[in-house]
1. Among (1) charged (D, E, K, R); (2) within 9 Å of ligand 1 (Cβ to nearest atom); (3) closer than 22 Å to A:A188 by Cα, where does B:K48 come up short?
2. What is the number of the single condition among (1) within 16 Å of B:D39 (Cβ to Cβ); (2) of a type in the set (S, T, Y); (3) within 13 Å of chain A (Cβ to nearest Cβ) that B:Y88 does not meet?
3. Keeping to the stretch B:54-81, report how many residues are within 11 Å of ligand 2 (Cβ to nearest atom), of a type in the set (G, A, S) and over 14 Å from the mean Cα position of the chain (by Cα).
4. Return the only residue of B:D47, B:D133 being among the charged types (D, E, K, R) and either away from chain A (no Cβ under 14 Å) or in a loop (DSSP other than H, G, I, E, B) (or both).
5. How do the pairs read when you match residues in the stretch B:70-88 that are in contact (Cβ under 8 Å) with a residue 24 or more places away in the chain with residues anywhere that are polar (S, T, N, Q) and near ligand 1 (Cβ under 6 Å from one of its atoms), using Cβ under 7 Å and keeping only pairs 6 or more apart or on different chains?
6. Among the strands (runs of 3 or more DSSP E) confined wholly to the stretch B:206-262, which include 3 or more residues that are more than 16 Å from ligand 1 (Cβ to nearest atom)?
7. Among the residues of the stretch B:251-272, count how many are of a type in the set (A, V, I, L, M, F, W, C) and more than 16 Å from ligand 2 (Cβ to nearest atom).
Amino acid sequence: MNISTEISDRKMKQRLLKDKIFTNAMIFLAFLSGVPLFLILYQLAIKGYRQLNISFFFEEAPDTMEAMIAVANNEVIPGGIANGIVGTLIIVGLASLIAIPIGIICGTYLAENAEGKFAGLVRFIVDMLQGVPSIVLGVIGYIWIVKPVTNGFSALAGSVALSIMMLPSIVRSTEETLKMIPGTLKEAALSLGVPYHKVILKVILPTGISGILTGVILGISRIAGETAPLMLTALGSTVINTNITEPSSAVPLLVWEFYNDPNLVNMIWSASLFLLLLILGLNLSAKAIARKWKVQY
Amino acid sequence: MESTILKQEQMPTEQKYKENVVIKNPIEKIESPVLKIDDLSVSYGGDKYAIQNVSAGIAKNKITAIMGPSGCGKSTLLRAINRMHELYPNTHNKGGVYLGDENIYELNPIQLRRKIGMVFQRPNPFPTMSIYDNVIAGFNLNGIKLKRSEKDEIVEKSLREVALWDEVKDALHNRGTFLSGGQQQRLCIARALAYTPDIILLDEPTSALDPIATSKIEDLLVKLKKDFTIVLVTHNMSQAARISDYSMFMYLGELVEYGKTKQMFTTPKDKRTEEYLTGKFG
Ligand SMILES: Nc1ncnc2c1ncn2[C@@H]1O[C@H](COP(=O)(O)OP(=O)(O)OP(=O)(O)O)[C@@H](O)[C@H]1O
Ligand SMILES: [Mg+2]
């Protein structure tokens, strides 16, 4: 008696059926996990699209009186979120300026000294940092910058808090990327007499560029939607402010403010939609970069 | 041959053969050598030496092959010649290596590696660079400024020397990593040649290549010895027999036998050389 006779036709059919059910169940569940995103997008689009006009991007947030009159007349609320957009650009930009060089240097160090005790400690700290609640980072920004440096709420304080938040993603992606690069590449450069620092800067880092950039962009998308740390640092502002030592608005802060003002509630949808699209866009571009800029070695 | 890896137990102990070292001072065996390895011992740390008391002169414009079973110190010896072994943090060495009258351990690595280039087992072109930039990478990465015309000239000359020019002249600005393995390896040789070194070290340059690519590289090396001195580590005895003028046989970190390739393959002086060449071990 051999196996092929043991598995009868009927059993075989049963198995195939089970396989089919399993596969379809998987597809269905995968689809299900995508549903919330589409529902959210749909909801925001339906409720927010009316608000998305030119002035939405170029005007400051309306005050509550203007909004109340507009709502009473069943008109689109005037004004936009320009103060939030500018604030987000400045705060996130500055945070990136702080975190990217530190993160890349730190990640490179970890990749180059995989075994060292100090490297192990740094790696541990970076992992811990990843788990620090964002509100705590806001407190840190408050203690480090708001009080002693800018003498009041400021964009700079927000940037510092957010830079700490994006650091782990940059460090780890840099480390992981560089570890994958074959050592023979470093040998090739060293055998040409190239000094170590130039080997890192001109050969190793450019080779890992796609992985590093992906980490950077994911780090940016992670902090772009953060609200809690900014409440304790940047605070918010009703006007466009480009001075980093002054309080500044940001898109997620505006969403929070709109929520707290009954007359402005309608602005929540458009502002949220904008934020969500921004972050989706960042994530998609991270994917595109990871694919397009991938260095073949 | 290549596939039989010597088991630890079968390996004769170092002691057993200590007395019958054939060559006492092989530097003198070579007339006016370009490179003199003088009683060189290299350790990767501690007092265990990966190669011990190696002395040898390297003949100018010849191919010298280094053979021996896995782990005998071939790569270590080769790397000690352009100080690539210093990549590992705890290395130290005794004795010296002289290029002309200069002790290479007193030169700075850029100077030294301009004079002694290296090619590795796996082709390793810089993946972010074009074929063109790969060839002149030694200049670019070291911040040596060249005129466009000089660069063009060096690139063409080097690629012609490795017989790659006709294959890639219309794709110079494509990435080097799109080439076949054999082409990549020739590109890496061109990269080493571009610096116009005196000596080129190659560590099993064909072991990752197919037979056709291998024979191309072998032809190339024979042609190149007109202008360069070549030192080649190889696992492949027939390759050593085909292309080398001189051969070294190393065993357990020791240079057991060194001489003209023909002579070594026909009448080896040491029993261990004979055993290795006849495939008894290694
Ligand atoms: N980075 C290193 N650290 C410590 N020991 C090493 C290192 N590299 C090589 N060795 C040791 O030195 C000895 C010689 O190694 P080497 O790589 O020179 O041998 P090889 O003849 O090139 O071998 P193969 O034919 O396998 O390439 C070996 O015993 C090896 O274990
Ligand atoms: Mg080796």
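1. (3)
2. Just one mismatch for B:Y88, condition (1).
3. Qualifying residue count for the region: 2.
4. B:D47
5. B:H85/B:T76
6. Counting at least 3 such residues, we get no strands (runs of 3 or more DSSP E) at all.
7. Residues that pass the stated criteria total 3.
Each row is one residue, and each column tells you yes or no for (1) closer than 30 Å to B:T278 by Cβ; (2) within 15 Å of ligand 2 (Cβ to nearest atom); (3) touching a residue at least 24 places away in the same chain (Cβ under 8 Å).
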residue: B:D101; (1), (2), (3): no, no, no
residue: B:P109; (1), (2), (3): no, no, yes
residue: B:L112; (1), (2), (3): no, no, yes
residue: B:F120; (1), (2), (3): yes, yes, yes
residue: B:I131; (1), (2), (3): no, no, yes
residue: B:L141; (1), (2), (3): no, no, no
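None of the figures in this text is laboratory data; all of them are computed from the coordinates on show. Source: prediction; values computed, not measured. Reconstructed Cβ throughout: ideal geometry from the backbone, glycine too, with neighbour counts over all protein chains shown.
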